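A short worksheet on the structure shown next.
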Amino acid sequence: MVDKSIWDSARVTERHEGADAAKHARELLMEATGADDVQSARQMVVGRPPLDDDVDRVSQPVVFRVPSGWKTLIENDAASQGQSVSEYMRDLVYANHKRLQAA
C-alpha cells in the first residue's frame, strides 16, 4: 500500500536543484513504491522490465494468428516453463533464429 502522506503538496513542491533535486526525487520514488532499489522502483512505475540491456529502447509488438487449438497448447507450454506467453514466444522465435543462423 502506498503511503499517501508522501504526496503532501508542501513536501512535493519543495524547491530543489541539480543533484539535490535528483536525490529528493529518488527518495520520494523509493518511499512511494516501497522498493529496495531504484531499478525495482522504476520497474514498478514504468511497468514490465525491458527486454534487453537497452532500457530506453521501445519493444515492438508482433501479432499473428494461430489455429484455435494452438492457443491453449501455447498457454500450457508457456505455463509449464514458468513463462508468460510473450516470454515463451520470444524464446521460440529467438531459438529458431539461432538455428537458421547456424545452418
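The values are calculated or read from the model by the stated rules, or taken from the named source; none is laboratory data. Remember, predicted model here, so these are calculated numbers, not experimental data. Positions of Cβ are generated from backbone atoms using ideal geometry, with glycine treated the same way; all protein chains shown enter the neighbour counts.
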- Can you give me the number of residues within the range 80-103 that are in contact with a helix residue (DSSP H, G or I) (Cβ under 9 Å, 6 or more places away or on another chain) and farther than 23 Å from GLN60 by Cα? 1
- Message: Residues that are exposed (fewer than 11 other Cβ atoms within 10 Å of the Cβ), in a loop (DSSP other than H, G, I, E, B) and modelled with pLDDT of 85 or more: does the range 22-44 have at least one?
- Response: no
- Look through GLY69, GLY82 and report the one residue that is at pLDDT 85 or above, part of a loop (DSSP other than H, G, I, E, B) and either in contact with an Asp or Glu (Cβ under 9 Å, 6 or more places away or on another chain) or of a type outside the set (A, V, I, L, M, F, W, C) (or both). GLY82
- What pairs come up if the first residue lies in the range 66-81 and is within 12 Å of LEU92 (Cβ to Cβ), the second is exposed (fewer than 12 other Cβ atoms within 10 Å of the Cβ), and their beta carbons are under 8 Å apart, counting only those six or more places apart or on different chains? ILE74/VAL66
